[in-house]
Amino acid sequence: MNRSCGESFVIPRIFFLKAKPGARPAMIHARTLKALEFPKIANLLAAFCHSQEGQARAKQTAPMATVEQAEEALAIFSDAQVWFNDSEAAKLFSATGFADISPMLRALGSSQFIADTDAFWALRSVLNQAKQAMQALSLPKGAEAWPRLLARFQSDLLPRQLLLALNRCISDDALLKDESSPELFRLRQDIRSLHQNCLRKVHDFAEHYNILPYLQDEFMTIAQDRYVLPLKATYKGRLQGILHDWSQTGETCYFEPMFLVELNNRLQQLRREEREEEMQVLGYLTGLLRAERQGVEEALELLTELDLLQAKMQLALALDGHCVHFTEQSEGLELLSARHPLLALQAREAKAQKKLESEPVRPLDILLRPQDRCLLISGSNAAGKTVCLKTLGLITAMAASGLPVPAAQGSHLFWPTRLDAFIGDEQAIEDHVSTFTAQITHLSKAWKYLGQGSLVLLDEFGAGTDPSQGAALAQAVLDALLQRGACVLSATHFPSLKIWALSTEKVRAASMLFDPKNLRPLYQLAYDQVGQSQTLTVARDHGLAPEILERAQALLLLGQSDSTEQIDRLNRLAVEREAELARLKSLQRKTQDEARHLKERLQKERERLQSEISDQIHSLMQAVRDEKIKAKEALNRLKDLRKDLACSHEKPEASQEESTISLSQGMRVRHLGLGKIGLVTDCDLRRKRVRVDLGGISIWAKSCELAPLADARANNQITPKASLANDTGFAMQVDVRGMTADEARSAVQRFLDNNLVSGLSCVEIVHGRGTGVLRRELHSYLANYPGIDHFELAPEDQGGAGKTLVYFR
């Protein structure tokens, strides 16, 4: 059915979500989608699908009706990325192709329809895949990791009874199992018994009458669904029976001896009863299918959408794309490093085929500030103005369809209530329509729909007629669109429009840069300036005769003043500015990378040092236990190790002195390493340290390790109460409640070994009160542990008999 050019419609959606009341729908005319080449994106998406259902759904991809639906689709896609990349979910489900069961579902409309075993085998495969998908979606982590994807599907709608019946009745080779029904089981048992009886009779008959020389083969075979003997043609008159058929060579005849006739008749009766029972089973399964059709359709919908989501992921990988979200029109739009999707895919394909002549796609930053409503782009022919318009239009349509787009993270668009693109030569000779009249016709038909929130793309509107009149008409259209509250991106060559862009409120000028030295377009968009069309230069590059170009240049100089020199100067400055901005961005990225690498290297070095110290402590303590060294010698080595560790964390002496002066007795401070608040009880200026009471535990600490409580930096470094580990990996407390005595001793041993060089004077062991057995076992162990000065139960307000305080020497 043909539609008039002015008629607009809401295109079918991928995700069938209800529009919220009061939501304004996005209207995109089919002509606009065609001009933006959106159907090519839908076909590319379909090529990434594994199933016919997925391909059909992908080809119907189109912008959503409301921004809520688009955002929901993008959110589901983001969850799907997490889900498909989750290793645990991947073990349960893999997105592959699935059988097309839609013809069987359509055939259910006939009351006489009974599906065959092949159809039920395909249905069983689909339902089992859907079950695996729901199991992967319903993992415990799913509620947090992919909540919107999980909420999209309901596991209770899957046809459980039908799936159980199919798994019981249909075999892997698409046949009915014997267990499908008791009667079918009995009939097949009888058939197998009859077969064995036939074999035994044939064997006995052959031995008794010595007919093996008459046979082409020692085994009985089947002809016309009856057991027969393969008899040599020369002996066909030697035995009594029925001749059923001949081989193609004529050397073998298939002969039914008289003693097999009665058995074969019984076999025919059993076969008939078997077929009738099989039809009963298939009819029962078809009835279950009709009863649970909704669940089957839900399973098919689940697999189709998952196939479509994985196709979106493949498209995102091909485009290096991300999800771009929508904001209000008042926030403008910002597409960072945007590339035309079709050009990006073409460049990727060329790179894969190692085509040396292909050039990479130049990314564009397309910006419309909140205070702007129009972006007017000028510049050389073939410099990328139309590509810029198409890039914005196609990316907007893709994002509204819930698809990833080739733009950097941090980009955003506003939701257009209508998107119209007037791009390309739309003349039609058979309809007596020229380029100019085609533009006017389409604009006039769409005019009543354009208003607040619309996004309009105009490519050289007003061309194809008198330049002065065309420019005036184009300016009038732009003024009217701005008055209506629409947002416009327009490409032009008209000088009067360039001046209008530089002098009109809410309008911003931009230019596609041109290198005056190399006389080549740079495919870069520079803002707040206008560009020259470079008509003669482009004509020269495309092979126009030199004498024509010289004549044109002379006429240009005679006819009017030429502003080429001024515009060239502006272009040179713009090129230099863009180069400097690119250099600064590159420097910024380099600095960020270096900082990240340095942080990673420091973290690795820190982990290595901690592991090395831990190994030394364990080795030293094991030597004491094995009585290889004395406890006193071990303590001396631990002191040396502690000094080495402290030296590696010392700050410059000047800063330490400043910190010492800033601390005084009675001051509340925070220990930066332990993250605990304490009170300064004593100061040792000579050694540049203070004693701090941390909730009943006193330790000596250097001034650089502390911060006054009023220090905002310290206040922000609050450590949760449940976490008693400092940033060096040493912990002040170990909790062994619920452990056996052996497990508790092992945990306490590791805990004490690690803290011997921590600098802490006291640590805590939480063992609980209970019957006291665990406490006595640990105290017995602590009494023989080297490096401990003494230990005691904590005060009652700090845990009492449920906690032991251990003091190091």
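Per-residue Karplus couplings for the stretch 743-756, computed as 6.51 cos²θ - 1.76 cosθ + 1.60 with θ equal to phi - 60°, are listed in order as 5, 5, 4, 5, 5, 5, 4, 4, 5, 5, 4, 5, 9, 5 Hz, Gly and Pro entered as x.
Can you tell me the length gained on complete extension of the stretch residue 386 to residue 327, counting 0.36 nm per residue apart and subtracting the Cα distance? The partial results should precede the final answer.
Values: separation 59, 0.36 × 59 = 21.24 nm, distance 2.49 nm.
Gain in length upon complete extension: 18.7 nm.
Could you tell me whether the stretch 442-531 comes out rounded, prolate or oblate from its Cα gyration tensor? Rule is a ≥ b ≥ c as square roots of the eigenvalues, rounded for a/c under 1.5, then prolate if a/b exceeds b/c, otherwise oblate. Since a/c reaches 1.5 and a/b is larger than b/c, the shape of the stretch 442-531 is classed as prolate. On the beta carbon distance between residue 174 and residue 143, with R0 = 35 Å, the FRET formula returns roughly 0.35. Each label was represented as a point 7 Å from its Cα along the Cα-to-Cβ direction; for residue 589 and residue 242 these points are 8.5 nm apart. Residues in the stretch 454-468 carry Karplus couplings, in order, of 6, 10, 10, 10, 10, 9, 6, 5, x, 6, x, 9, 4, x, 5 Hz; the curve used is 6.51 cos²θ - 1.76 cosθ + 1.60 with θ = phi - 60°, and Gly or Pro positions show x.
Considering all alpha-carbon pairs of the stretch 31-125, what whole percent are spaced by more than 17 angstrom?
Numbers: 3108 of 4465 pairs.
Cα-Cα pairs in the stretch 31-125 separated by more than 17 Å: 70 percent.
Share of carbon and sulfur in the accessible area of the stretch 186-269 stands at 47%, probe radius 1.4 Å. Probing with 1.4 Å while keeping every protein chain in the model, the per residue accessible area of the stretch 44-98 equals 41 Å². Per-residue accessible area (protein heavy atoms, 1.4 Å probe) orders 228, 773 as 773, 228, starting from the largest. When the C-alpha to C-alpha distance is required to be over 23 Å, the pairs from 385/506; 40/498; 59/390 that qualify are 40/498.
Binning the C-alpha pair distances of the stretch 54-190 at 10 Å intervals from 0 yields a P(r) profile of 10, 29, 32, 19, 8, 2, 0 %, listed from the shortest bin outward. Element breakdown for the stretch 399-508 at a 1.4 angstrom probe: carbon and sulfur atoms account for 55% of the accessible area.
On average over all directions, what projected area in square nanometres does the stretch 372-418 have, based on the convex hull of its Cα atoms? Could the numbers behind the result be given before it?
On the way: hull surface 17.4 nm².
It is 4.4 nm².
At 0.36 nm per residue, minus the direct Cα-Cα distance, what do residue 194 and residue 693 gain on full extension? Give it in nm, one decimal, please.
Numbers: separation 499, 0.36 × 499 = 179.64 nm, distance 9.50 nm.
Contour length minus Cα-Cα distance gives 170.1 nm.
The packing ranking, built from the mean of other Cβ atoms within 10 Å per residue, places the peptides 776-787, 605-616 in the order 776-787, 605-616, highest first. A cut-off under 13 angstrom between Cβ atoms defines the neighbours of residue 293, and their net charge, with Lys, Arg +1 and Asp, Glu -1, is -2.
Rounded, prolate or oblate, given the Cα gyration tensor of the stretch 70-133, with a/c below 1.5 counting as rounded? Write out the running numbers ahead of the final one.
Values: a/c = 4.51, a/b = 1.94, b/c = 2.33.
Judged from the Cα gyration tensor, the stretch 70-133 comes out oblate (a/c at least 1.5, b/c at or above a/b).
Length gain on complete extension for the stretch residue 88 to residue 771, per 0.36 nm per residue less the alpha carbon to alpha carbon distance? Working shown, then result.
Details: separation 683, 0.36 × 683 = 245.88 nm, distance 4.28 nm.
Result for the pair: 241.6 nm of gain on full extension.
Heavy-atom accessible area for residue 597, with the other protein chains in place and a 1.4 Å probe, reaches approximately 90 Å².
Between the amide H of residue 522 and those of 513, 514, 515, distances stay under 5 Å, these residues lying 5 or more places away or on another chain, with hydrogens modeled in the peptide plane. Electrostatic bookkeeping for residue 488 treats Lys and Arg as +1 and Asp and Glu as -1; over the other residues with beta carbon under 13 Å from its beta carbon, the sum is +1. Reported to the nearest whole Å, the Cα centre-to-centre distance from the stretch 282-321 to the stretch 736-809 is 59.
On the beta carbon distance between residue 615 and residue 664, with R0 = 56 Å, the FRET formula returns roughly 0.85.
Taking a cut-off of 20 Å, what percent of all Cα-Cα pairs in the stretch 171-286 are separated by more than that? List each step's numbers first, then the result.
Numbers: 3285 of 6670 pairs.
Of all Cα-Cα pairs in the stretch 171-286, 49 percent lie more than 20 Å apart.
Between amide H atoms placed 1.01 Å from N, distances below 5 Å from residue 29 occur with 419, all of them 5 or more places distant or on a separate chain.
Give, as a single signed number, the net charge of other residues whose beta carbon lies under 14 Å from the beta carbon of residue 196, with Lys and Arg counted +1 and Asp and Glu -1.
Working: positive: 188, 192, 200, 201, 266; negative: 190, 204.
Summing Lys and Arg as +1 and Asp and Glu as -1 gives +3.
The values are calculated or read from the model by the stated rules, or taken from the named source; none is laboratory data. The structure presented is a predicted model; accordingly, all values stated were derived computationally and were not measured. When we count neighbours, we look across all protein chains shown, and the Cβ atoms used for this are built from the backbone with ideal geometry, even at glycine. The area values use the complete protein model at the heavy-atom level, side chains included, leaving out ligands, DNA and RNA. Shrake-Rupley method; radii C 1.70, N 1.55, O 1.52, S 1.80 Å.
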